[in-house]
Amino acid sequence: MWNTFSKDEKGFTGLEAAIVLVAFVVVAAVFSYVMLGAGFYTTQKSQEVVHTGVQQASSSVELSGDVIARGNTTAASPANYSIDSVTLCLQLTSGGSSVDMDKTLIVYSDPDTAPTELTLDDGFTISTKYNANTDNLIDRAEKFDVSIDTSSYGIGPYDEFQLEIKPPQGASYTIHRAAPGSISAIMTLV
């Protein structure tokens, strides 16, 4: 009879097979743990980026109501009348976080004037607060009337101008308006 083990070849035993199988299982478990950890880390970072992007892209304030202008009608000719101040009623956007008006900038610009940054009490004032506490934060359910002194810009009939409200956090809110053809003491700008 022929002996197949004559060349000193040994068979693969069950114990060796078990050791190799356990080694494959351990390596696969470690690899899957590393891959799952990397996946969870990537998902968390992606979620943070999305939340930060939404917070920065969405505007925190919006206009509530009309833009009211007060005109200087004391000049000799109606063609020389100008807008002295503009009043805006601001409120938070739906789901927006509080806006600190002490740190908010309003940028005035028109075709003849370079953009000018106005700060609280140096270009604009808070004339009225509705449902508000004593601080200068626009919180939920609060509205602030903000008056902007425009007397030095000479906004006459048909002149266009832009106001950009830049809160400390979030996107800016831009308002484009034009003076009417006939300036009166109080008017609504469209």
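A short reminder: the numbers here are calculations on the coordinates, not readings from a lab. Keep in mind that what you see is a predicted model, and the values were worked out from it rather than measured. Positions of Cβ are backbone-derived with ideal geometry, glycine not excepted, and every protein chain shown enters the neighbour counts.
All alpha carbon pair distances within segment 101-190 were sorted into 5 Å bins beginning at 0; the resulting P(r) in whole percents reads 3, 12, 21, 23, 20, 12, 7, 2. Listed by chain and number, the aspartates and glutamates placed with their C-alpha closer than 19 angstrom to that of Lys103 are Glu62, Glu117, Asp121, Asp122, Asp135, Asp139, Glu142, Asp145, Asp149, Glu164; residues fewer than eight positions away on the same chain are left out. Against the chain, whose longest principal axis is taken from its Cα atoms, helix 14-57 shows a tilt of about 0°. Distance from the C-alpha centroid of segment 28-96 to that of segment 114-184: 16 Å, rounded to the whole angstrom.
Between the beta carbons of Leu137 and Val50, assuming R0 = 25 Å, the FRET efficiency works out to 0.40 to the nearest 0.05. Here Leu15 and Met35 are evaluated by their C-beta separation; at R0 = 22 Å the FRET efficiency comes out at 0.10.
The mean sequence separation of alpha-carbon pairs under 8 Å and at least six residues apart, normalised by the residue count of the chain, gives a relative contact order of 24 percent.
Compactness of segment 13-58, taken as the C-alpha radius of gyration over 2.2 N^0.38 Å, stands at 2.12. Per-residue ellipticity at 222 nm computed for the chain from its helices equals -8500 deg cm²/dmol, with DSSP H segments shorter than 4 residues left out and the rest contributing -39,500 (n - 2.57).
Calculated from the structure at hand, Cα extents along the principal axes in Å is found among (1) 109, 39, 25; (2) 132, 37, 24; (3) 45, 43, 37 as (2).
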